1. So residue 146 ticks every box in (1) free of Cβ contacts under 8 Å to residues at least 60 places away in the same chain; (2) under 27 Å from residue 244 (Cα atoms) but one. Which box is left unticked?
2. Would you pick out the residues in the stretch 251-294 that are exposed (fewer than 11 other Cβ atoms within 10 Å of the Cβ), closer than 17 Å to residue 101 by Cα and at pLDDT below 85?
3. Which residue out of 93, 88 is surrounded by fewer than 19 Cβ atoms within 10 Å (Cβ to Cβ), in contact with a Leu (Cβ under 8 Å, 6 or more places away or on another chain) and within 29 Å of residue 31 (Cα to Cα)?
4. Being among the basic types (Lys, Arg) and either in contact with a helix residue (DSSP H, G or I) (Cβ under 7 Å, 6 or more places away or on another chain) or modelled with pLDDT of 75 or more (or both) is the filter; apply it to the stretch 1-59 and report the residue that is least open to solvent (accessible area, probe 1.4 Å).
5. Can you pull out the residues in the stretch 295-312 that are out of contact with any Leu (no Cβ under 8 Å at 6 or more places or on another chain) and surrounded by 12 or more Cβ atoms within 10 Å (Cβ to Cβ)?
6. Filter the stretch 185-194 down to residues that are loosely packed, with under 14 Cβ neighbours inside 10 Å and of a type in the set (Gly, Ala, Ser) and give me whichever is farthest from the chain's Cα centre (by Cα).
7. Across the stretch 96-135, which residue is most open to solvent (accessible area, probe 1.4 Å) among those that are under 30 Å from residue 245 (Cα atoms) and β-branched (Val, Ile, Thr)?
8. Given the criteria closer than 25 Å to residue 78 by Cβ, touching a Gly at 6+ places or on another chain (Cβ under 6 Å) and not aromatic (Phe, Trp, Tyr), does residue 166 qualify?
Amino acid sequence: MNNPALLAIGATLLCGVLAVAGVHSYASGRAQRAALVDRLAATPMLPPGGRTRRFTAVDRRLRRTRLGRRIQLKLAATGLDLTPGEFLVYTCLTVAALWLIAASVLAPFFGPVAGIVGVWGGNMFLNWQRQKRIEAFINQLPDLARILANATQAGLALRTALAMAAEELEAPAGEELSVVANQLSVGRSIDDALGELTERLPSRELVVLVTTLILSNKAGGTVVSSLRNLTVTLEERKETRREVRTMLSEVNATAFTVPALGAGALLMLNAMQDGALARVTGSALGQILILVSLGLYATGFVVIRRLGKIEV
């Protein structure tokens, strides 16, 4: 606790970020509730993103850059109701809060390290949200294949079957198929619409399903029997993925435990002898050793995550 003022500023800034996030979640929930009420009342629904957008000037400038386009693509795959500008501002505020807290609690040397960790954490958050949405979509693929098979057997066209599946399935499959149906309604080809879907939510199961639909739409053939067989296969793969994920849960927990132990050791060392980390990082040799140790912890995290990543 070298500088209580910096600690107070960092804590206040972090509380402000959490408060803004809470207000954002509350406003998003109210907008979704209003949209649901309008739908049940058979009145026009609120347009997507009907809530008031924040930091519009930052968002306009950011969208012109390559970084903004990359953030937009990731946000589109996560399903989060955020603009690139909002995400960038929230990330910067979080990084600033972590910087001040680490500099005051540990030592000034750890401020930039905490800032880098904050930037990395923001990117990891987007990747985690995207992977979670992909997993949820994969779990709905058997139901999607079953609905498409039933609709095709009833004589409906593929475009109509996709629109019907978008109405019957819940999010995220319903939302993604609604995007596909809207693209088809404005004249886009099935190949382009489904191809863009596989780019947003890449997975082997979805690629197989999309390939089956495209080939059947082009060449005709027994699409019903193909979808029936694919439904059984997707159900089996769903159970296999669940078993593998359960078996690897301990490995994934270990990957996050290792860096947590390192951070805990630093906090305990500084608590046992106040100012110890400041004295250690006061020399070039101490800074190099700290960076080497942090690099080893990061390497261990990456290696354990790689070992626990099995493609099914």
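1. Answer for residue 146: the failing condition is (1).
2. 274, the sole residue that qualifies.
3. Details: 88 fails: surrounded by fewer than 19 Cβ atoms within 10 Å (Cβ to Cβ).
Answer to the selection: 93.
4. 51
5. 296, 297, 298, 300, 301, 303, 304, 305, 307, 312
6. Top of the filtered list is 187.
7. Of all residues in the stretch 96-135, those under 30 Å from residue 245 (Cα atoms) come to 116-135.
Next, only the ones that are β-branched (Val, Ile, Thr) stay: 116-117, 119, 134.
Working: 116: 120, 117: 79, 119: 88, 134: 10 Å².
For the stretch 96-135, the residue satisfying everything is 116.
8. Working: closer than 25 Å to residue 78 by Cβ: yes; touching a Gly at 6+ places or on another chain (Cβ under 6 Å): yes; not aromatic (Phe, Trp, Tyr): yes.
Criteria met by residue 166.
The values are calculated or read from the model by the stated rules, or taken from the named source; none is laboratory data. In this text the structure is predicted, and so the values were computed from the model without any measurement. All Cβ positions, even for glycine, are placed from backbone atoms using ideal geometry, and neighbour counts span all protein chains on display. With ligands, DNA and RNA removed, areas are computed over all heavy atoms of the protein, side chains included. Shrake-Rupley method; radii C 1.70, N 1.55, O 1.52, S 1.80 Å.
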